[in-house]
Amino acid sequence: MALSSMTGFARSHGVCGTYVWSWELKSVNAKGLELRLRLPPRFDSIEIAARTRAAERLSRGNVYATLAVEREGIAPVVRINAPVLDAVLNAIGNLSGRVKAEPPRLDGLLGLKGVIDIIDPDEDEEARRAADTAIVAGFEEAVTALVEMRRHEGEAIGRLLSARIDEIAALAARAEAVPGRQPDAIKVRLAEQVAALLDNTARFDPDRLHQEAILIATKADVREELDRLGAHVAQARKLIAGGGAIGRRLDFLAQELNRETNTLCAKSNDVELTNIGLEMKNVVEQFREQVQNLE
């Protein structure tokens, strides 16, 4: 399965009888899947079908879907709302003797809310059902185009993630080979520090210092962190190769990589190893940022 981004854009349009419709879809990053539909009046009936189609094809992302529908060749009907107009005229008549004002103009009366109703001609039920079916099919077409765009972007993200993982693996190999983290080097460095302390004061117990040195050397060993980094790198490569909706799992791995890198830096007692750890932290952050875009 291919990787997919959570960002994308797609359109579809069509005609069914007198109905001319168009869909516009846009998706952005999100923790889960949320479809936000904007439907024109009297088209709420297609909402359930649209949500079902989206859930079948998408796993994550905020998807904004806007439907526009017009009826071609059908003139709208303008109707005067007589009760509302009569009420307005009665109110004007009651005020005419109390307020000095120009008589109301026709355009002013017609501009009042509720005086004019603009309605579509009566719809043929069968034609409307056919239009709903075509519009839902158009939504599926738009979702398919959106999925394709998200997959195209996902492929590019996958290449970036693989490159970052390769960098992390290379840095871990460099850390493995740092001369300063080898047991003999740690032993020599600690021996020198202990000798310097014993030369400066006689209050230290040599046996106790030996025990403390062993403890310090144990705490400074980053073997476990390097092993876990190797395991996380292998798991990330496996997930990327397998594809699919792996964004959440890669995000967890990014957190684990960051944790191990922080520990490596904290335990390091060698300048070169510390520098490698800091460089690795930067690469892990780049990896994490790209993962946020994956489905």
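Applying the Kirkwood pairwise sum to the alpha-carbon positions of the range 14-76 produces a hydrodynamic radius of 13.0 angstrom. DSSP bridge analysis restricted to the range 22-116 gives an antiparallel fraction near 55%, rounded to the nearest 5. When a 1.4 Å probe is rolled over the protein heavy atoms, the share of accessible surface on the range 32-137 that falls to carbon and sulfur comes to 54 percent. About the centre of its Cα atoms, the range 26-173 shows a dipole size close to 740 debye [charges on the beta carbon of Lys, Arg (+1) and Asp, Glu (-1) only; nearest 20 debye]. Sequentially through the range 32-43, phi angles give Karplus couplings (6.51, -1.76, 1.60; θ = phi - 60°) of x, 9, 9, 9, 10, 9, 10, 10, x, x, 6, 10 Hz, Gly and Pro residues having no value and appearing as x. Here the range 225-289 is assigned +1 on the Cβ of each Lys and Arg and -1 on the Cβ of each Asp and Glu. Its dipole about the Cα centre then comes out at about 360 debye.
Quick check for you: with a 1.4 Å probe and neighbouring chains kept, what is the accessible area per residue of the range 1-87, in Å²? Numbers along the way, then the final one.
Details: 5050 Å² over 87 residues.
For the range 1-87, the solvent-accessible area averages 58 Å² per residue.
Averaging the sequence gap over all C-alpha pairs within less than 8 Å and six or more residues apart, then dividing by the number of residues, gives the range 1-121 a relative contact order of 26 percent.
Peptides 3-12, 157-166 ordered by packing proxy, namely the average of other Cβ atoms within 10 Å per residue, highest first: 3-12, 157-166.
The values are calculated or read from the model by the stated rules, or taken from the named source; none is laboratory data. All values derive from a computational prediction rather than experimental measurement. Note: ideal-geometry Cβ built from the backbone for every residue, glycine included; neighbour counts use all protein chains shown. Note: areas computed on protein heavy atoms with side chains; ligands, DNA, RNA excluded. Shrake-Rupley method; radii C 1.70, N 1.55, O 1.52, S 1.80 Å.
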